[in-house]
Amino acid sequence: MADNFDLSTVFKAVTEALQENQSGLDAADEYNGNHGTHMVETFNLIQKAVKSKSDGSASDQLAFASQQLRANTTSGSAKLYAEGLEDAAKQFQ
């Protein structure tokens, strides 16, 4: 059942919600004011990664998204998301 789940649509909706709230999220970041921007970039990359593997299982899609975050981002929060995606991939196996 999990393999029929459309992860791309889910992550697209999350990315759109983050984009709509990006300026507020940036404003709430008192340290450097860019957390919302990084979240949008991170979830956009996740969405593209799972979409590119849409013919694979949910586990494969999440694992690939984790790999893409690790390879293409430098923010600390993106690395945490990568760990979470990796854990989720294992749960879907």
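Just the residues that are surrounded by fewer than 18 Cβ atoms within 10 Å (Cβ to Cβ) and not polar (S, T, N, Q), please, taken from region 60-87.
First pass over region 60-87, keeping only residues surrounded by fewer than 18 Cβ atoms within 10 Å (Cβ to Cβ): 60, 67, 70-77, 79-80, 83-84, 86-87.
Answer for region 60-87, where residues must be surrounded by fewer than 18 Cβ atoms within 10 Å (Cβ to Cβ) and not polar (S, T, N, Q): ASP60, ARG70, ALA71, GLY76, LYS79, LEU80, GLU83, GLY84, GLU86, ASP87.
What are the residues in region 22-34 that are open to solvent by less than 70 Å² (accessible area, probe 1.4 Å) and either of a type in the set (A, V, I, L, M) or closer than 14 Å to LYS79 by Cα (or both), if any? Explain how you work it out, then say what you get.
Taking region 22-34 and keeping what is open to solvent by less than 70 Å² (accessible area, probe 1.4 Å), we get 22, 24-26, 29, 33-34.
Answer for region 22-34, where residues must be open to solvent by less than 70 Å² (accessible area, probe 1.4 Å) and either of a type in the set (A, V, I, L, M) or closer than 14 Å to LYS79 by Cα (or both): just LEU25.
Anything in region 47-58 that is in contact (Cβ under 8 Å) with a residue 40 or more places away in the chain and open to solvent by less than 70 Å² (accessible area, probe 1.4 Å)? List them, or say none. I'd like the intermediate steps shown before the answer.
Applying the first criterion (in contact (Cβ under 8 Å) with a residue 40 or more places away in the chain) to region 47-58 yields 50-51, 54, 57-58.
Those that are in contact (Cβ under 8 Å) with a residue 40 or more places away in the chain and open to solvent by less than 70 Å² (accessible area, probe 1.4 Å): VAL50, SER57, ALA58.
The values are calculated or read from the model by the stated rules, or taken from the named source; none is laboratory data. Bear in mind the structure is a predicted one, so any value in this text is a computation, not a measurement. Note that each Cβ is placed from the backbone with ideal geometry, even for glycine, and that neighbours are counted across all protein chains shown. Just the protein is used for accessible areas: all its heavy atoms, side chains included, with ligands, DNA and RNA removed. Shrake-Rupley method; radii C 1.70, N 1.55, O 1.52, S 1.80 Å.
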